[in-house]
Amino acid sequence: MDHSSRNIPAIDEIIDNFSLLDEWDDRYRYVIELGRGMGSLPELHRTEANKVQGCASQVWLATTTFRGLVAILLATVSGKEAREILAADPIALFDRLGLREHLTPQRSNGFRSMVARIRADAQQALSNIPRASQSQVVNMAAD
(Lines give C-alpha, C1' and ligand atoms only; values in the text may rest on other atoms or scores of the structure.)
Protein backbone atom coordinates (compact mmCIF):
# COMPACT_ATOMS: atom_id res chain seq x y z
CA MET A 1 0.00 0.00 0.00
CA ASP A 2 1.43 3.42 -0.84
CA HIS A 3 1.26 6.74 0.96
CA SER A 4 -0.63 8.61 -1.76
CA SER A 5 -3.89 10.45 -1.27
CA ARG A 6 -5.74 8.06 -3.58
CA ASN A 7 -7.18 6.20 -0.57
CA ILE A 8 -8.23 9.38 1.20
CA PRO A 9 -11.75 10.70 0.65
CA ALA A 10 -12.20 14.31 -0.47
CA ILE A 11 -12.30 16.81 2.39
CA ASP A 12 -15.99 17.57 1.74
CA GLU A 13 -16.81 13.87 2.16
CA ILE A 14 -14.79 13.73 5.38
CA ILE A 15 -16.63 16.79 6.73
CA ASP A 16 -20.00 15.26 5.76
CA ASN A 17 -19.08 11.99 7.48
CA PHE A 18 -18.08 13.85 10.64
CA SER A 19 -21.42 15.68 10.63
CA LEU A 20 -23.17 12.29 10.79
CA LEU A 21 -21.14 11.18 13.81
CA ASP A 22 -22.40 12.70 17.05
CA GLU A 23 -20.31 10.76 19.55
CA TRP A 24 -16.57 11.28 20.02
CA ASP A 25 -15.99 7.50 20.01
CA ASP A 26 -17.51 7.26 16.53
CA ARG A 27 -15.42 10.19 15.28
CA TYR A 28 -12.30 8.63 16.79
CA ARG A 29 -12.99 5.33 15.02
CA TYR A 30 -13.44 7.24 11.76
CA VAL A 31 -10.08 8.99 12.23
CA ILE A 32 -8.50 5.56 12.79
CA GLU A 33 -10.21 4.25 9.64
CA LEU A 34 -8.75 7.17 7.65
CA GLY A 35 -5.33 6.39 9.11
CA ARG A 36 -5.55 2.76 8.05
CA GLY A 37 -6.30 3.91 4.52
CA MET A 38 -3.08 5.90 4.39
CA GLY A 39 -0.67 2.99 4.22
CA SER A 40 3.02 3.44 4.93
CA LEU A 41 5.42 5.97 3.54
CA PRO A 42 7.90 4.17 1.27
CA GLU A 43 11.40 3.88 2.72
CA LEU A 44 12.90 6.10 -0.01
CA HIS A 45 10.76 9.05 1.18
CA ARG A 46 11.80 8.67 4.84
CA THR A 47 14.45 11.35 4.73
CA GLU A 48 15.45 14.27 6.92
CA ALA A 49 14.13 16.63 4.23
CA ASN A 50 10.65 15.09 4.60
CA LYS A 51 10.68 15.02 8.38
CA VAL A 52 8.38 17.52 10.03
CA GLN A 53 10.26 19.46 12.70
CA GLY A 54 8.32 19.75 15.94
CA CYS A 55 6.66 16.35 15.72
CA ALA A 56 7.51 14.15 18.69
CA SER A 57 7.45 11.05 16.49
CA GLN A 58 8.21 10.49 12.87
CA VAL A 59 4.89 10.56 11.03
CA TRP A 60 5.67 7.42 9.01
CA LEU A 61 6.07 5.52 12.29
CA ALA A 62 3.17 7.19 14.10
CA THR A 63 -0.01 5.60 15.34
CA THR A 64 -2.99 4.91 13.11
CA THR A 65 -4.81 7.72 14.91
CA PHE A 66 -2.15 10.26 14.01
CA ARG A 67 -2.05 8.97 10.43
CA GLY A 68 -5.80 9.60 10.35
CA LEU A 69 -5.15 13.22 11.27
CA VAL A 70 -2.53 13.34 8.50
CA ALA A 71 -5.15 11.94 6.08
CA ILE A 72 -7.56 14.76 6.96
CA LEU A 73 -4.79 17.32 6.51
CA LEU A 74 -3.80 15.83 3.14
CA ALA A 75 -7.43 15.84 2.02
CA THR A 76 -7.51 19.55 2.89
CA VAL A 77 -4.43 20.54 0.85
CA SER A 78 -3.64 17.89 -1.76
CA GLY A 79 -4.11 19.05 -5.33
CA LYS A 80 -4.61 22.66 -4.23
CA GLU A 81 -2.73 25.64 -5.59
CA ALA A 82 -0.15 27.15 -3.27
CA ARG A 83 -2.31 30.25 -2.78
CA GLU A 84 -5.28 28.07 -1.76
CA ILE A 85 -3.11 26.22 0.75
CA LEU A 86 -1.96 29.50 2.27
CA ALA A 87 -5.55 30.74 2.46
CA ALA A 88 -6.81 27.53 4.10
CA ASP A 89 -7.04 27.18 7.86
CA PRO A 90 -6.70 23.47 8.72
CA ILE A 91 -6.53 24.24 12.45
CA ALA A 92 -9.95 25.93 12.28
CA LEU A 93 -11.25 22.89 10.38
CA PHE A 94 -9.99 20.60 13.15
CA ASP A 95 -11.79 22.80 15.67
CA ARG A 96 -14.95 22.65 13.55
CA LEU A 97 -14.73 18.84 13.40
CA GLY A 98 -14.33 18.73 17.18
CA LEU A 99 -10.92 17.09 16.96
CA ARG A 100 -8.63 19.53 18.69
CA GLU A 101 -10.43 19.34 22.03
CA HIS A 102 -9.77 15.58 22.08
CA LEU A 103 -6.13 15.60 20.94
CA THR A 104 -3.31 15.16 23.38
CA PRO A 105 -0.98 18.18 23.55
CA GLN A 106 1.67 16.08 21.77
CA ARG A 107 -0.63 15.27 18.84
CA SER A 108 -1.88 18.85 18.72
CA ASN A 109 1.70 20.15 18.54
CA GLY A 110 2.56 17.61 15.85
CA PHE A 111 -0.48 18.64 13.82
CA ARG A 112 0.40 22.33 14.11
CA SER A 113 3.96 21.49 13.02
CA MET A 114 2.66 19.68 9.93
CA VAL A 115 0.41 22.60 9.05
CA ALA A 116 3.35 25.00 9.44
CA ARG A 117 5.55 22.80 7.22
CA ILE A 118 2.91 22.55 4.49
CA ARG A 119 2.33 26.31 4.59
CA ALA A 120 6.10 26.94 4.40
CA ASP A 121 6.38 24.60 1.40
CA ALA A 122 3.47 26.39 -0.30
CA GLN A 123 5.07 29.78 0.38
CA GLN A 124 8.35 28.48 -1.03
CA ALA A 125 6.53 27.21 -4.13
CA LEU A 126 5.03 30.67 -4.66
CA SER A 127 8.35 32.42 -4.28
CA ASN A 128 10.09 30.05 -6.71
CA ILE A 129 7.77 30.53 -9.66
CA PRO A 130 7.31 33.55 -11.91
CA ARG A 131 4.23 35.67 -11.23
CA ALA A 132 2.55 34.55 -14.47
CA SER A 133 2.80 30.90 -13.37
CA GLN A 134 1.68 31.24 -9.74
CA SER A 135 -1.39 29.09 -10.29
CA GLN A 136 0.89 26.03 -10.06
CA VAL A 137 -0.79 23.15 -8.25
CA VAL A 138 1.03 21.78 -5.24
CA ASN A 139 0.56 18.02 -4.87
CA MET A 140 1.23 17.15 -1.25
CA ALA A 141 0.92 13.36 -1.65
CA ALA A 142 3.98 11.23 -2.33
CA ASP A 143 3.96 9.34 -5.61
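With the condition kept exactly as written, say whether any residue in region 103-115 is at pLDDT 90 or above and either more than 16 Å from Ala71 (Cα to Cα) or acidic (Asp, Glu) (or both).
No, because not a single residue in region 103-115 is at pLDDT 90 or above and either more than 16 Å from Ala71 (Cα to Cα) or acidic (Asp, Glu) (or both).
Residue by residue through region 74-89, note down the ones that are part of a helix (DSSP H, G or I) and surrounded by fewer than 21 Cβ atoms within 10 Å (Cβ to Cβ).
Listed by number, the residues that qualify are Arg83, Glu84, Leu86, Ala87.
Out of region 104-125, which residues are of a type in the set (Val, Ile, Thr) and part of a helix (DSSP H, G or I)?
Initial filter on region 104-125 (of a type in the set (Val, Ile, Thr)): 104, 115, 118.
Val115, Ile118, listed by residue number.
Tell me which residues, restricted to region 66-88, are free of Cβ contacts under 8 Å to residues at least 60 places away in the same chain and in contact with an Asp or Glu (Cβ under 9 Å, 6 or more places away or on another chain).
Correct list: Gly68, Ala82, Ile85.
Any chance you could count how many residues in region 27-50 are in contact with a Lys or Arg (Cβ under 8 Å, 6 or more places away or on another chain) and touching a residue at least 60 places away in the same chain (Cβ under 8 Å)?
Here the count works out to 0.
Considering only residues that are in a loop (DSSP other than H, G, I, E, B) and closer than 22 Å to Ala116 by Cβ, look in region 15-54 and name the one that is modelled with the lowest pLDDT.
Filtering first and then ranking leaves Gly54.
The values are calculated or read from the model by the stated rules, or taken from the named source; none is laboratory data. This is a predicted model, so every value here is computed, not measured. In this analysis, Cβ positions are derived from the backbone assuming ideal geometry, glycine residues included, and neighbour counts consider all displayed protein chains.
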